[in-house]
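One structure is given here, and the rest of the page talks about it.
The values are calculated or read from the model by the stated rules, or taken from the named source; none is laboratory data. This is a predicted model, so every value here is computed, not measured. Note that each Cβ is placed from the backbone with ideal geometry, even for glycine, and that neighbours are counted across all protein chains shown. These accessible areas exclude ligands, DNA and RNA; they are computed on the full protein's heavy atoms, side chains included. Shrake-Rupley method; radii C 1.70, N 1.55, O 1.52, S 1.80 Å.
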Amino acid sequence: MAKYVCTVCDYVYDEALGDEEHGIAPGTKFSDLPDDWECPLCSQGKDVFEETE
């Protein structure tokens, strides 16, 4: 499972953990997130995220 970092606020979306507070189950791939999903910290869209190690 990969991790993606928001280039605006440094929030990390971890596919293994999901985003349960916002209805995203653990194991949800970043590419499978809804198109309107936003960073939970700064409300930016998926387009500002980059895969990280």
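For the stretch 1-42, the share of accessible area belonging to carbon and sulfur comes to 47 percent (1.4 Å probe, ligands and nucleic acids excluded). Under a model in which nothing but the beta-carbon of Lys, Arg (+1) and Asp, Glu (-1) is charged, the chain shows a dipole of about 40 debye around its Cα centre. Among the trypsin sites (Lys or Arg not before Pro) in the chain, those placed in a DSSP loop whose Cβ has at most 14 other Cβ atoms within 10 Å are Lys29. In the chain the Cα-Cα distances spread across 5 Å bins starting at 0 as 5, 23, 37, 28, 8 percent of all pairs.
If you take all other residues with their beta carbon under 9 Å from the beta carbon of Trp37, and give Lys and Arg +1 and Asp and Glu -1, the sum is -3. Protein heavy-atom accessible surface, 1.4 Å probe, per residue over the chain: 66 Å².
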